Amino acid sequence: MNFNRKAIIQGTLVFIGLYTLQILLIPVLAKFVDGGWKSVGLSGFRQVLGVAICLGAGYVAGRIAGERGFLHGFNAGAFGTLLTAVAAVAFSFMFGIQAPFLDSLPVWVVLHGALAGVGGLMTVNFLVGKPE
């Protein structure tokens, strides 16, 4: 089974870029929301952004690949999650802050991969269309 490496790499880069944007955006928004980090609205917004990040990465991977959207999207979401986890651990060591909990990483890899896979699947089946 051949995978389109360009599709997976581009999808992974979209995941990393959007996730980084989320990390930078949420603290700014927390300053303007009553309750800061504990705000229900901000927490919900973070969840919606998380789903959008996964779906966006899957969309890009599926759009570039044009076939097997779920598998390409899944790989983009899974690799994006793994690479951002590695970056978070490196960041914590560099700046002497508490390292993130990695015991739930396998769950996040599968969850983000599945969500990105759905994005890729929807892209290939509904937007790109099936080859004739």
Quiz item: Yes or no: F79 farther than 19 Å from G17 by Cα and open to solvent by 70 Å² or more (accessible area, probe 1.4 Å)?
Solution: no
Quiz item: Within the range 15-35, is even one residue open to solvent by 50 Å² or more (accessible area, probe 1.4 Å), under 16 Å from the mean Cα position of the chain (by Cα) and not aliphatic (A, V, I, L, M)?
Solution: yes
Exercise. Those residues that are open to solvent by less than 50 Å² (accessible area, probe 1.4 Å) and of a type in the set (A, V, I, L, M, F, W, C), I need them from the range 83-109; list them, please.
Key: A85, A88, V89, A90, A99, L105, V109
Practice problem: Considering only the range 36-59, state which residues are within 16 Å of the chain's Cα centre (by Cα) and either open to solvent by less than 50 Å² (accessible area, probe 1.4 Å) or modelled with pLDDT under 80 (or both). | Solution: L49, G50, I53, C54, G56, A57, G58
Exercise. Restricting attention to the range 1-14, report how many residues are over 14 Å from the mean Cα position of the chain (by Cα) and open to solvent by 90 Å² or more (accessible area, probe 1.4 Å).
Key: 4
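The values are calculated or read from the model by the stated rules, or taken from the named source; none is laboratory data. This is a predicted model, so every value here is computed, not measured. Surface areas here come from the heavy atoms of the whole protein model, side chains and all, with no ligands, DNA or RNA. Shrake-Rupley method; radii C 1.70, N 1.55, O 1.52, S 1.80 Å.
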